[in-house]
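Inspection log for the structure reproduced underneath, given as C-alpha cells.
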Amino acid sequence: MAAAPTGGPAITMSSSSFLSPSPFYVKASRTSHRQPAGRMPVTVRCVSIPPAADTAYKTSVPRNANMTKLQAGYLFPEIARRRAAHLLKYPDAEIISLGIGDTTEPIPDVITNAMAERAHALSTIDGYSGYGAEQGEKKLRAAIAATYYADIGIEDSDIFVSDGAKCDISRLQVLFGSNVTIAVQDPSYPAYVDSSVIMGQTDLYQQDVQKYGNIEYMRCNPENGFFPDLSTVPRTDIIFFCSPNNPTGAAASRDQLTKLVKFAKDNGSIIVYDSAYAMYISDDSPKSIFEIPGAKEVAIETASFSKYAGFTGVRLGWTVVPKELLFSDGHPVAKDFNRIVCTCFNGASNIAQAGGLACLSTEGLKAMRDVVGFYKENTEIIVDTFTSLGFNVYGAKNAPYVWVHFPDRNSWDVFAEILEKANVVTTPGSGFGPGGEGFVRVSAFGHRENIIEAARRLKQLYK
C-alpha cells in the first residue's frame with residue numbers, strides 16, 4: 001500500500017504488513033504532534049485496494065462440464081493433502097505411509113545397469129536414437145509376448161508398450177468415446193470411474209447412494225467371494241475388471257473368469273482386464289485373461305512393470321489388444337487403438353524400455369520375483385497384526401494389499417483415527433467406491449523396519 005504524502009516524506013507499506021483477513025483495508029490517518037526535534041511529521045494513509053480476483057481476466061472458453069461432476073479430488077492426492085495437514089498440526093510426527101501403493105525398495109542392479117548403459121549410449125554417435133515406434137521396441141514386445149503369453153496365442157504385434165497401465169486406461173477411454181456404458185467392480189481402482197466421468201460417459205453423482213448415474217457398480221464383498229453376481233448385472237458396453245483386485249487383493253479363479261468371458265460374449269461387451277498385480281499370484285488363479293478360451297474375442301489386457309520392478313517412477317507398461325477383437329461393425333479394435341496411440345503418444349522412453357528388456361532376462365525375472373517376495377513378506381506381517389487384534393482380513397495372499405474390515409465404521413473416520421493416533425497412513429475403503437465403506441486398505445509397500453513399526457503402533461492402538 002502507498003502512503004499519501006501530506007507535507008512529509010512518503011512511506012510505502014506492503015499489504016502484507018497488515019494482518020486483517022479482509023481483502024479491503026479501512027482508511028485511517030494519524031499525524032504525530034510530538035516528534036523529536038528536527039524531524040518532520042509523517043502521515044500514513046491506508047488506501048483500500050480491491051482484490052486481484054475482481055479484476056482477473058477471464059477467457060470466453062467454457063469449462064468442461066464433465067469436470068464439474070467429479071467429487072472432490074482424486075483419492076490419492078486427497079490422502080496426501082490430509083497427510084500434509086497432519087504434519088502441519090504435528091510437525092514432529094514420524095509418519096509411516098501405507099496408503100498409496102508406491103514401491104519403496106531399490107530397483108535391482110541388473111535392471112538399472114541396463115538403463116544406465118542405454119542412457120550412456122545416447123551420448124555416442126552409434127548409440128543415439130530419437131523417436132521410436134509408438135507401439136514400443138520390437139525386441140521388448142517380443143520379450144513380453146514370450147514371457148507372459150507363451151502358448152496362449154498372443155503375438156508381439158498385439159502388444160502396445162506404454163508409460164504405464166494407468167495412462168493406457170485413459171487412452172482406452174478415448175478409444176471408446178463418450179457414448180458407451182461401463183461396469184466396474186465395487187470397490188475398484190478409482191481411475192476407471194473418474195476417467196469415465198471425464199469422458200462424459202456418466203450422469204451426475206448421486207449423493208444418497210454415493211454412485212454416478214449410468215455406471216453399473218458390480219458389488220464385490222466377502223459374502224460373494226469378491227466376485228460379482230453376474231446374473232444381476234445389466235448389459236454394458238465395457239466391463240472394467242482387475243485381478244488381483246485393487247483394493248481388495250482378491251484374485252479371480254479360472255472358473256470365475258470363464259463365467260466373466262461368457263458373460264461378455266453373451267452381451268457383446270468388451271472386458272478391460274487390469275493385470276497389474278499378476279506376479280503376486282501364488283495359487284492357480286490365472287495371471288492373464290487370455291488363459292481363458294474365447295477371451296481374445298472380448299478382452300483387452302493392461303499390465304505394468306511398476307509393482308514388479310519398482311518402476312512407479314520409471315513408467316513402463318503395456319496393453320494387449322488381440323487382432324481377434326472387433327467392434328460391432330467388424331473393424332479391428334487394435335487398428336483404432338493404434339491410431340489413438342500414434343496420435344497421443346510418442347512411445348515409451350528408450351531408457352525405460354532398456355530396463356524393461358532387462359526385467360525379462362533370466363536374471364531380471366529372478367530379481368523381480370525377489371522384490372515381489374519381499375513385499376509379500378510385508379503383507380504377512382500386516383495380516384498377522386490385524387488378525388491378532390480380532391479383525392477380519394481379506395486379500396494379501398495374491399496381492400500387496402490387505403483389506404481390513406471395520407464393521408459399522410466410516411472408512412474416512414478410521415483413516416483419520418489411525419493417522420491421528422498412530423501416525424500411519426492407510427487408504428479409506430470408500431475411496432474405491434460405496435462397496436468399500438467399512439474397510440481400509442493397507443499397503444505392503446514399505447521398508448521392513450517401517451512395516452514392523454507400523455504393526456507395533458497398530459497393536460498399541462487397537463489392543
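Taking 7 Å steps out from each Cα toward its Cβ at E155 and S60 produces label points 5.3 nm apart. Applying 0.36 nm per residue to the separation of S388 and T68 and subtracting their alpha-carbon distance, the gain on full extension is 110.8 nm. Computed 3J(HN,Hα) for the range 248-258, one whole-Hz value per residue from the Karplus formula 6.51 cos²θ - 1.76 cosθ + 1.60 where θ = phi - 60°, is 6, x, 7, 9, 6, 7, 4, 5, 5, 5, 4, glycine and proline marked x. Under 5 Å between amide hydrogens, built in the peptide plane, is the criterion, and for A251 it picks out N245 among residues at least 5 positions away or on other chains. Computed with a 1.4 Å probe on the full set of protein chains, the accessible area for I340 sits at about 30 Å².
Diffusion of the range 260-346 by Stokes-Einstein, at 37 °C in a medium of 0.692 mPa s and with Rh set to the Kirkwood radius over alpha-carbon pairs, works out to 229 µm²/s. Scalar couplings 3J(HN,Hα) for the range 130-137, obtained by applying the Karplus form with A = 6.51, B = -1.76, C = 1.60 to θ = phi - 60°, are x, 4, x, 5, 4, 7, x, 5 Hz; x denotes Gly and Pro.
May I ask you to work out the translational diffusion coefficient for the chain at 4 °C, viscosity 1.567 mPa s, via Stokes-Einstein with Rh from the Kirkwood sum over Cα pairs, reported in whole µm²/s?
51 µm²/s
How big is the Cα convex hull of the range 190-267 in projection, averaged over all directions, in nm²? One quarter of the hull surface, i.e. the mean projection, equals 5.7 nm². Rounded to 0.05, the FRET efficiency of the A119 and T147 pair, given R0 = 41 Å and the Cβ-Cβ distance, is 0.95. Among beta bridges identified by DSSP and lying wholly in the chain, the antiparallel ones come to about 55 percent. A protection proxy built from the mean count of other Cβ atoms within 10 Å ranks the segments 124-131, 380-387, most packed first, as 380-387, 124-131. Close amide H partners of D163, meaning residues 5 or more places away or on another chain with modelled amide H under 5 Å apart, are G317. Taken over the range 232-276, the convex hull of the Cα atoms encloses 79 Å³ per residue. Using just the C-alpha positions of the range 73-219 as equal point scatterers, what log10 of I(q)/I(0) does the Debye formula give at each q in 0.14, 0.19 1/Å? The Debye formula, applied to the Cα set alone, gives -1.05, -1.21.
Phi angles across the range 446-453 convert, under the Karplus curve 6.51 cos²θ - 1.76 cosθ + 1.60 with θ = phi - 60°, into 3J(HN,Hα) values of x, 5, 4, 5, 6, 4, 5, 5 Hz, Gly and Pro given as x.
Rolled with a 1.4 Å probe across the full set of protein chains, the surface gives R369 an accessible area near 140 Å².
Split the accessible area of the range 339-463 by element, probe 1.4 Å, and carbon with sulfur accounts for 50%.
If you roll a 1.4 angstrom probe over the protein chains with everything in place, what fraction of the accessible area of the range 57-205 belongs to carbon and sulfur, to the nearest %? List each step's numbers first, then the result.
Values: 4400 of 7940 Å².
Solvent-exposed carbon and sulfur of the range 57-205 make up 55 percent of the total.
For R219, the amide hydrogen comes within under 5 Å of the amide hydrogens of D186, counting only partners 5 or more places away or on other chains and with H modelled in the peptide plane. Calculated accessible area for the chain comes out at 48 Å² per residue, all protein chains present (probe 1.4 Å; ligands, DNA, RNA ignored). Translational diffusion of the range 145-217 was estimated from the Stokes-Einstein equation, with Rh taken as the Kirkwood radius over Cα pairs; at 4 °C and 1.567 mPa s the coefficient is 91 µm²/s.
The values are calculated or read from the model by the stated rules, or taken from the named source; none is laboratory data. In this text the structure is predicted, and so the values were computed from the model without any measurement. Heads up, the Cβs are rebuilt from the backbone with ideal geometry, glycines too, and the neighbour counts pull from every protein chain shown. Accessible surface is based on the protein model in full, side chains and every heavy atom, while ligands, DNA and RNA are left aside. Shrake-Rupley method; radii C 1.70, N 1.55, O 1.52, S 1.80 Å.
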